[in-house]
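No value in this document is a laboratory result; all are computed from the given coordinates. Everything numeric here is computed off the predicted structure, so don't read it as measured data. Reconstructed Cβ throughout: ideal geometry from the backbone, glycine too, with neighbour counts over all protein chains shown.
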Ligand SMILES: O=C(O)CCC(=O)C(=O)O
């Protein structure tokens, strides 16, 4: 097994619903991924943005266009921008390194550097240890959270967005910079995965809807910070409530997340993320 969890890590995973694995990523892979992200950002900064991006984000009122931008992003590499990055004419009004919120959602299948980072024997071994029979890499994101701009990611669990029956999603969150409370590290409610998902986000008609399964709000006072040095992988159970705060520091907090589901579970047709026939889901 390329990445066996020790008995204590296995206990932590079952008890808390997450496990922190420092130095999981080898330095060369970490550097290659950072370099590739910088190249993609530089391409955008040079004006080579995917068609439609500037229009979609030129006003915060265009919810339908922004919904479409999101709902058709399952099999592409697409930027998502911070509010106010463009003026009403579609002109970028801040530097690209302050404008990007995230990239999504198929870097792991479309870009060789992301593919290599996402399909290591260590990660395949970890997925096997966590009980995956037929792991499928369903979604990848680069989360920028720039200094002084990167905002809160509200408390949620991933099963809400990547529903399977039975529940199977696991999120792997990789620190590409040192993540601390000041620059917006991840937080989670230990043991909160046992409560199941309280909402389900899904397609309805041409838009989306959130079904409330349990209206009880999460107890945000139970969140604990998970500070992580660059190269750390944190594995999150799909029902674990997690949150990240704003980046109030001068330091970047770049992260990469990869979500996997089990192909043995049913993946409903009204999940927001639907791949086209040209890019079927693949395992490790
Ligand atoms: O990186 C973050 O701040 C949030 C990531 C997250 O919530 C996720 O990947 O599910």
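Things to note:
- Placing one equal scatterer on every Cα of the stretch 121-279 and applying the Debye formula, the log10 ratio I(q)/I(0) at q = 0.11, 0.13, 0.21 Å⁻¹ is -0.46, -0.65, -1.45.
- Whole-Å distance, taken between Cα centres, linking the stretch 124-193 and the stretch 59-116: 19
- Long-range tail of P(r) for the stretch 1-58 (Cα pairs > 15 Å, %): 69
- Whether the stretch 52-111 is rounded, prolate or oblate, judged on the alpha carbon gyration tensor where a/c under 1.5 counts as rounded: oblate
- Alpha carbon convex hull of the chain, volume per residue in cubic angstrom: 130
- Separation in nanometres of the label points that stand 7 Å from Cα toward Cβ, at residue 51 and residue 248: 4.4
- Relative intensity, log₁₀ I(q)/I(0), of the stretch 22-94 from a Debye sum that treats every alpha carbon as a point, q = 0.15, 0.19, 0.23, 0.28 Å⁻¹: -0.61, -0.84, -1.04, -1.30
- With neighbour counts taken as other beta-carbon atoms within 10 Å, the residues 168, 14, 206, 73 rank, fewest first, as 206, 14, 73, 168.
- Between the helical axis of 27-45 and the longest alpha-carbon principal axis of the chain there is an angle of about 20 degrees.
- Inter-label distance, nm, simple model (7 Å from Cα along the C-beta direction), residue 66/residue 178: 3.4
- Normalised size of the stretch 92-208, defined as Cα radius of gyration per 2.2 N^0.38 Å with N residues, equals 1.21.
- Relative contact order computed over the stretch 177-270 (Cα-Cα under 8 Å; 6+ residues apart), in percent: 46
- Rounded to the nearest 10 degrees, the angle from helix 7-16 to the longest Cα principal axis of the chain is 60 degrees.
- Relative contact order [Cα under 8 Å, 6+ residues apart], the stretch 52-94, whole percent: 52
- Put in line by how crowded their Cβ is, counting other Cβ atoms within 10 Å and starting with the fewest, 129, 204, 26 read 204, 26, 129.
- Based on the reciprocal of the average 1/r between different C-alpha atoms, the Kirkwood radius for the stretch 1-156 equals 17.7 Å.
- Cα gyration tensor shape for the stretch 151-233, rounded if a/c is under 1.5, else prolate or oblate: prolate
- Length-normalised contact order for the chain - Cα pairs under 8 Å, 6+ apart - percent: 27
- Column: log10 I(q)/I(0), Debye, Cα scatterers of the stretch 84-159, q = 0.21 Å⁻¹: -1.07
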